[in-house]
Amino acid sequence: MIRRKATFVLGAALVLLILLGLALSTRSSGAVPASSPLLAPFAARQPVAAPRSDPQGPMDLLFPIANYARENVRDTFADPRGDVNHEAIDLPAPRGTPVVAVSDGKIEKLFLSKPGGLTIYQFDPTRAYAFYYAHLDRYAPGLDEGQTVVRGQVIAFVGSTGNASPSDPHLHFTIYRLGPDRKWWRGEAINPYPALLRAVSR
């Protein structure tokens with residue numbers, strides 16, 4: 001009985017010494033050391049949260065069509081298009097309405113595609129985002145790949161090329177967050193609705 005009590009007292013004393021050492025270490029450093037034997041059983045179980053990127057992308061944009069009515073700006077980003085989501089905002093406007101660059105940047109690609117018709121991929125100055133303009137009727141005279149453009153510069157005109165209805169001319173606009181390889185055809189679509197709503201409200 002005496003031996004068991006002695007063992008218990010020694011064990012309790014050892015735990016108190018460890019806790020005292022941990023408290024002194026915390027007081028001096030302001031944090032519990034990651035190498036503490038008390039934390040070791042839990043260190044491997046703590047999940048590492050992935051960094052979250054801004055889902056809205058750049059917000060300080062110019063509206064791509066001048067004098068546009070706020071009530072015509074609808075969030076069509078998640079609308080179904082067959083088996084996929086739209087992932088863009090459609091901005092109805094008369095055919096031939098000028099389309100302007102929403103930001104300074106560079107014309108990365110002028111592309112003719114079956115769904116998008118005449119399209120423009122414009123990179124922002126940081127080359128972190130691409131602005132995509134589609135269903136265009138025609139490009140602005142002299143527009144070319146690699147050209148630097150400034151915010152508000154006319155780059156194209158509203159149309160209905162690609163798979164858009166000829167009776168429904170509109171600008172199909174979205175933002176892509178580019179990957180580290182900065183490929184114009186590869187990016188994560190970001191809903192531009194908040195940025196467009198903010199721009200049209202100015």
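Since every read-out is calculated from the coordinates, none of them should be taken as a lab result. As the structure is a computational prediction, the values presented were derived from the model and not from experiment. Don't worry about glycine lacking a Cβ; one is built from the backbone with ideal geometry, like all the others, and counts go over all protein chains shown.
Within segment 70-94, the set of residues being loosely packed, with under 15 Cβ neighbours inside 10 Å and outside any strand (DSSP E or B) comprises Arg70, Glu71, Asn72, Arg74, Asp75, Ala78, Asp79, Gly82, Asp83, Pro94.
So in segment 124-136, with the set limited to residues that are among the aliphatic types (A, V, I, L, M) and within 23 Å of the chain's Cα centre (by Cα), which one is surrounded by the most Cβ atoms within 10 Å (Cβ to Cβ)? Reasoning before the result, please.
Of the residues in segment 124-136, the ones among the aliphatic types (A, V, I, L, M) are 128, 130, 134, 136.
Okay, now just the ones that are also within 23 Å of the chain's Cα centre (by Cα), so 128, 130, 134.
Numbers: Ala128: 16, Ala130: 24, Ala134: 26.
So the residue we want is Ala134.
Scanning segment 139-172 for residues that are surrounded by fewer than 17 Cβ atoms within 10 Å (Cβ to Cβ), of a type outside the set (D, E, K, R) and within 18 Å of Ala128 (Cβ to Cβ) gives a single hit, Thr148.
Scan segment 79-110 for residues that are on the phi < 0 side of the Ramachandran plot, without any contact (Cβ under 8 Å) to a residue 24 or more places away in the chain and not charged (D, E, K, R) and jot them down. Passing the criteria: Pro80, Val84, Asn85, His86. Are any residues in segment 156-202 in contact with a strand residue (DSSP E or B) (Cβ under 9 Å, 6 or more places away or on another chain), outside any loop (DSSP other than H, G, I, E, B) and among the small types (Gly, Ala, Ser), and if so, which ones? Ala156, Gly159, Gly187, Ala189, Ala195 - these are the residues of segment 156-202 that are in contact with a strand residue (DSSP E or B) (Cβ under 9 Å, 6 or more places away or on another chain), outside any loop (DSSP other than H, G, I, E, B) and among the small types (Gly, Ala, Ser).
Taking Glu145, is it of a type in the set (Asp, Glu), in a strand (DSSP E or B) and in contact with a strand residue (DSSP E or B) (Cβ under 8 Å, 6 or more places away or on another chain)? It is false that Glu145 is of a type in the set (Asp, Glu), in a strand (DSSP E or B) and in contact with a strand residue (DSSP E or B) (Cβ under 8 Å, 6 or more places away or on another chain).
With respect to the conditions (1) more than 23 Å from the chain's Cα centre (by Cα); (2) under 25 Å from Lys183 (Cα atoms), Ala88 lacks only one, and its number is (1). Among the residues of segment 112-121, those identified as crowded, with 16+ Cβ neighbours inside 10 Å and within 18 Å of His170 (Cβ to Cβ) are Gly116, Gly117, Leu118, Thr119, Ile120.
Close Cβ contacts (under 7 Å, 6 or more residues apart or on different chains) running from residues in segment 162-185 that are at negative phi and without any contact (Cβ under 8 Å) to a residue 12 or more places away in the chain to residues that are crowded, with 16+ Cβ neighbours inside 10 Å and in a loop (DSSP other than H, G, I, E, B) comprise Pro166/Ser160.
Filtering segment 55-85 to residues that are within 23 Å of the chain's Cα centre (by Cα) and of a type in the set (A, V, I, L, M) leaves Met59, Leu61, Leu62, Ile65, Val73, Ala78, Val84. The residue of segment 137-174 that is nearest to Asn85 (Cα to Cα), among those that are more than 24 Å from the chain's Cα centre (by Cα) and among the hydrophobic types (A, V, I, L, M, F, W, C), is Ala164.
From the list Tyr121, Tyr133, pick out the single residue that is assigned to a strand (DSSP E or B), closer than 13 Å to Asp90 by Cβ and out of contact with any Gly (no Cβ under 7 Å at 6 or more places or on another chain).
Values: Tyr121 fails: closer than 13 Å to Asp90 by Cβ.
Result: Tyr133 is the single residue among Tyr121, Tyr133 that is assigned to a strand (DSSP E or B), closer than 13 Å to Asp90 by Cβ and out of contact with any Gly (no Cβ under 7 Å at 6 or more places or on another chain).
Scanning segment 173-202 for residues that are within 18 Å of Asn67 (Cα to Cα) and either of a type in the set (D, E, K, R) or in contact with an Asp or Glu (Cβ under 6 Å, 6 or more places away or on another chain) (or both), which turns out surrounded by the most Cβ atoms within 10 Å (Cβ to Cβ)? Here the residue is Tyr193.
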